[in-house]
1. Pairs only if they're at least six apart or on different chains, beta carbon under 6 angstrom, first in the stretch 31-42 and within 18 Å of PRO126 (Cβ to Cβ), second at pLDDT 80 or above and in a helix (DSSP H, G or I); list them, first residue then second.
2. Within the stretch 248-285, restricting attention to residues that are β-branched (Val, Ile, Thr) and open to solvent by 30 Å² or more (accessible area, probe 1.4 Å), which residue is modelled with the lowest pLDDT?
3. Filter the stretch 182-204 down to residues that are within 12 Å of the chain's Cα centre (by Cα) and open to solvent by 40 Å² or more (accessible area, probe 1.4 Å) and give me whichever is farthest from ASP228 (Cα to Cα).
4. Taking the residues in the stretch 222-247 that are among the hydroxyl-bearing types (Ser, Thr, Tyr) and modelled with pLDDT of 95 or more as candidates, determine which candidate is nearest to ALA103 (Cα to Cα).
5. Of the conditions (1) touching a helix residue (DSSP H, G or I) at 6+ places or on another chain (Cβ under 8 Å); (2) open to solvent by less than 30 Å² (accessible area, probe 1.4 Å), VAL288 clears all except one; give me its number.
6. Quickly run through the stretch 141-176 and pick out the residues that are open to solvent by 30 Å² or more (accessible area, probe 1.4 Å), among the acidic types (Asp, Glu) and either in a strand (DSSP E or B) or more than 18 Å from ASP111 (Cα to Cα) (or both).
7. Among the candidates PRO138, PRO179, PRO127, which residue alone is modelled with pLDDT under 90, closer than 16 Å to ARG106 by Cβ and crowded, with 20+ Cβ neighbours inside 10 Å?
Amino acid sequence: MHSASAPAPRPTRAELSWDQRYHPAPCPLRDDRAMDRSELAALLRQARTRIKPRDVGLPAGTRRQVPGLRREEVAQLAGVSVDYVVRLEQGRGPHPSTAVLTALSRALRLDDNDRDLLFRLAGSAPPQAGRIAQVVRPSVLRLLDRMVDLPTLVMSAKGDVLAWNPMAAALLGDFSAVPPARRNIIRECFLGTEPGRVRFTPEELHSVGAYGVGTLRSAKARYPDDPDLDRLITELRTHSSEFEQLWHERPSVQWRSATKTIDHPELGTLVLECDTLLVPDADQTVVVYSAAPDTPAASALDLLRITGTQQFTDHT
């Protein structure tokens with residue numbers, strides 16, 4: 001006989017990691033045969049070794065003993081715990097949700113074929129047509145990698161920051177430190193708890209909010225069955241009275257600003273030109289910050305390239 005003992009107290013929801021909160025223990029009746037754990041583990045390990053830290057705006061360091069990203073860096077980019085990544089790579093992880101698979105695909109820069117393979121090996125159907133593209137194609141990532149002296153972002157049709165270069169992180173902040181669900185500029189505009197570095201006048205702020213609502217309305221018309229878009233809109237309508245009011249007003253999406261004012265903690269106020277390049281077949285945008293030659297803003301960007309990105313090359 002085993003001696004009786006008091007059950008251990010259950011952790012509160014706040015004490016659980018992101019993947020534990022949103023991935024409860026699998027049902028005992030669930031069929032594990034649909035998930036090929038060994039092949040999934042091999043794919044994740046191989047994909048991790050192919051990515052250089054600087055490719056995803058992370059510190060390169062000088063004392064790396066293995067090629068590619070570390071497991072903790074993949075976990076940081078995907079918004080899951082390190083233990084979760086370890087278990088998946090060792091072939092003993094739970095069934096990942098579609099949200100986690102999407103986050104891993106984005107973190108590991110998988111192309112469409114490898115992304116679909118990842119989903120199938122995990123026992124899930126690949127993303128269907130009619131969903132907003134959350135994975136940046138390799139050719140656009142190569143373009144991002146070449147923009148070494150200009151802050152550059154890639155954004156989805158609903159405002160998610162999907163990829164960025166070290167200059168963008170140095171200018172706007174470390175996106176990898178932000179949970180993936182909060183890497184959405186429209187959500188942060190209405191529900192963000194910390195001030196961002198982009199500054200707006202009161203008039204501009206209203207226009208930015210109206211533009212965000214118009215962007216989501218336009219995305220809803222193009223992707224009526226996208227569940228992540230529906231969740232984002234529901235969250236904003238539920239928790240932001242300003243968003244709910246603008247949603248009913250149906251504002252135009254035509255407003256754009258050719259310049260952005262950045263309040264940088266070391267360089268002070270920078271007024272930069274902001275251009276948006278379209279990737280039509282993926283319905284994504286590439287946002288590039290620049291400055292005219294021989295201007296104070298151009299000198300500030302030069303300084304940022306030298307000093308502001310040192311953390312991405314000098315630290316481990």
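1. Here the result reads ASP36/LEU121; GLU39/LEU121; LEU40/LEU121, each pair linking the stretch 31-42 to a residue that is at pLDDT 80 or above and in a helix (DSSP H, G or I).
2. Only one residue tops the list, namely VAL253.
3. Among those residues, the one meeting the criterion is ILE185.
4. Top of the filtered list is THR234.
5. (1)
6. ASP149, ASP174
7. Just one listed residue meets the conditions, PRO127.
Condition check ((1) among the charged types (D, E, K, R); (2) without any contact (Cβ under 8 Å) to a residue 24 or more places away in the chain) across all residues:
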site	(1), (2)
ALA163	no, no
LEU172	no, no
PRO179	no, no
GLU194	yes, yes
ARG197	yes, no
GLU204	yes, no
GLY212	no, no
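The values are calculated or read from the model by the stated rules, or taken from the named source; none is laboratory data. The model shown is predicted, which means the values in this text are computed figures rather than measured ones. Virtual Cβ from ideal backbone geometry, glycine too; neighbours counted across all protein chains shown. Quick note on the areas: whole protein, heavy atoms, side chains included, nothing else; ligands and nucleic acids left out. Shrake-Rupley method; radii C 1.70, N 1.55, O 1.52, S 1.80 Å.
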